[in-house]
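Colleague: Quick one: this structure, given as C-alpha cells, is what I'll be asking you about.
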Amino acid sequence: MLVYQLIGSQWWTIALGVSLAIFIMNLTHTLHPPGGATAFVAVYTGQDFSYILAPVGLGAFMLVLIAVLVNNCSSQIKYPDFWY
C-alpha cells in the first residue's frame, strides 16, 4: 500500500510492492507466501491504509481466535501455555 500511495498504479509497482514485502518478510524470518499475495492485491486494487485493518487485521484476529477456541475444547490441550 505504501508503494501505491507513493508511486501510484503502474505495471511495475505491483512487482515492486510484492518484492519489498517478500524482502521484509525474509529479513524478519517470517516468510509467508500469502503475504506476497496480499501485497499484490493491495497494489493492484489501489487500497489505502484501512486495508491493514480490514480484511488483513480482521482475518488475522479471527484466525487466532478460532485457534484458541478449538485448541481449548479439549481438556488435554491448553493453548496458549501462558499469555505475555
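Colleague: Can we say SER19 is more than 30 Å from ASP81 (Cβ to Cβ), surrounded by 11 or more Cβ atoms within 10 Å (Cβ to Cβ) and modelled with pLDDT under 90? Even if it seems obvious, please write down each step before you answer.
Modeller: Details: more than 30 Å from ASP81 (Cβ to Cβ): yes; surrounded by 11 or more Cβ atoms within 10 Å (Cβ to Cβ): yes; modelled with pLDDT under 90: no.
No: the conditions fail for SER19.
Colleague: Which helices (runs of 4 or more DSSP H) does the chain wholly contain that include 3 or more residues that are under 12 Å from the mean Cα position of the chain (by Cα)? Don't jump to the end; show me each part of the working.
Modeller: Working: elements: 2-7, 11-27, 33-44, 58-71.
By residue number, 11-27, 33-44, 58-71.
Yes/no per residue for (1) on the phi < 0 side of the Ramachandran plot; (2) loosely packed, with under 10 Cβ neighbours inside 10 Å; (3) without any contact (Cβ under 8 Å) to a residue 40 or more places away in the chain; (4) not charged (D, E, K, R):
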| position | (1), (2), (3), (4) |
| --- | --- |
| GLN5 | yes, no, no, yes |
| LEU27 | yes, yes, yes, yes |
| HIS32 | yes, no, yes, yes |
| GLY35 | yes, no, yes, yes |
| ALA42 | yes, no, no, yes |
| VAL56 | yes, no, yes, yes |
| LEU65 | yes, no, yes, yes |
| ASN72 | yes, no, yes, yes |
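The values are calculated or read from the model by the stated rules, or taken from the named source; none is laboratory data. What you see is a predicted model; the values in this text were computed from it and never measured. Reconstructed Cβ throughout: ideal geometry from the backbone, glycine too, with neighbour counts over all protein chains shown.
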